[in-house]
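Data block below; observations after.
Coordinate-derived values only; no laboratory data. From a predicted model like this one, the values you see are computed outputs, not experimental measurements. So basically every Cβ, Gly included, is an ideal-geometry build from the backbone, and we count neighbours across all protein chains shown.
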Number of protein chains: 2
Amino acid sequence: MPAAVELIAWARRTGLLVVHTKECHRPDLSDCPNAKLLRGKPSLRIGDPGPMGRILIDGEPGADFVPELAPQIGDVVIAKPGKGAFYNTPLEDALRTRNIDRLIFGGVTTEVCVQTSMREANDRGYECLLIEEATGSYYPEFKAQTLAMIRAQGGIVGWTASLASLAG
Amino acid sequence: MPAAVELIAWARRTGLLVVHTKECHRPDLSDCPNAKLLRGKPSLRIGDPGPMGRILIDGEPGADFVPELAPQIGDVVIAKPGKGAFYNTPLEDALRTRNIDRLIFGGVTTEVCVQTSMREANDRGYECLLIEEATGSYYPEFKAQTLAMIRAQGGIVGWTASLASLAG
């Protein structure tokens, strides 16, 4: 996470748009597919009450950002119902409106939300760069493998780079 | 490929809809993002003439299916401009119209088009199963890693199974 904080600070200094994404659902669950709802433990499903509010529901403390990475005025915040940040969200509109066609990625989890979003972005024609120290996974081997898959075949999904190389 | 042939034969016997996907672009390249067009070797890009017709262009022999896996009447054929089979294609409409909510995947390449399409499908609420022998990659380790990522965290993207277990 320190690297993600540093990446965002660098982006702000550089004058880039900062976009935050969070996976969550509307309180009425109308954007949560049955398949997803039923995949959880029967005792603790999306929308159920948890220690930090209703689980994976937009607006609840548990679905919000950690304070160190909280959005600031001028940032874009995308609530997304899936792993990908593009499907069923206003992200593509937000980027097209600003004529943005190059994206720098960080965040968790590398092989799930980050990878899915990069693949969506790549299909939509964005040039994508993932910052290696600024992304993480529960499974370190999945992170390493995902970075390799992204770069394979001449950048079939995009590129990866170290935070140091960005700032340099 | 023999396993993919067997999988499709099993699906036909079982009365399931068979959907074929092919990555290709319109002859005028209007659905090919610049980022994708420019990523190829300058000497051989999408739309350039090749030994099997214009490269990655819909309708050209090189972008068609191998004879063993050719579509039959009643199948659905999806031409897709990206790695994912859902983005900018009529696939979701084709499935919703038929009330299909469970998908069985095979094909190439495991960690690129197959994985991207499964992730898109999962976000859209489809239950997804990938048949292990019926998918392949240039990189066997990427295939194995992708199968593991799909099944992780209780089927976060879906499930994988052997062809034998399907037919059993």
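A straight chain from A:Asn99 to A:Ala9 at 0.36 nm per residue would run longer than the Cα-Cα distance by 30.2 nm.
Among beta bridges from DSSP that stay inside segment A:38-137, the antiparallel ones total about 30%. Using the rule -39500 (n - 2.57) for each DSSP H run of four or more residues, divided by the residues of chain B, the 222 nm mean residue ellipticity is -9500 deg cm²/dmol. Sorted from nearest, the other copies put their A:Gln153 label points 2.5 nm away, the label point being 7 Å from Cα in the direction of Cβ. Within 10 Å of the Cβ of each residue in A:111-124, the mean number of Cβ atoms contributed by other protein chains is 6.
In a DSSP loop and with at most 16 other Cβ atoms within 10 Å, the chymotrypsin sites (Phe, Trp or Tyr not before Pro) in segment B:116-159 are B:Tyr138.
Ignoring lysines fewer than eight residues from B:Lys36 along the same chain, the ones with Cα atoms less than 21 angstrom from its Cα are B:Lys22, B:Lys80, B:Lys83. When the alpha carbon gyration tensor of chain B is reduced to an equivalent ellipsoid, the three semi-axes, largest first, read 27, 18, 16 Å. The same position A:Trp10 in the other copies lies at 4.7 nm from this copy, comparing label points 7 Å beyond Cα toward the beta-carbon, shortest first.
Segment A:131-165 and segment A:41-85 have Cα centres lying 25 Å from one another.
Between 0 and 90 degrees, the angle of helix B:140-155 with respect to the longest Cα principal axis of chain B falls at about 50 degrees. Take the Cβ atoms of A:Asn34 and A:Ala164, set R0 to 41 Å, and the FRET efficiency comes out at 0.35. Each label was represented as a point 7 Å from its Cα along the Cα-to-Cβ direction; for A:Arg26 and B:Val77 these points are 3.8 nm apart.
Kirkwood radius, the protein assembly as shown, all distinct C-alpha pairs, inverse of mean reciprocal distance: 21.1 Å. The simple spin-label model puts a point 7 Å past each Cα toward its Cβ; for A:Glu133 and B:Glu141 those points are separated by 2.5 nm.
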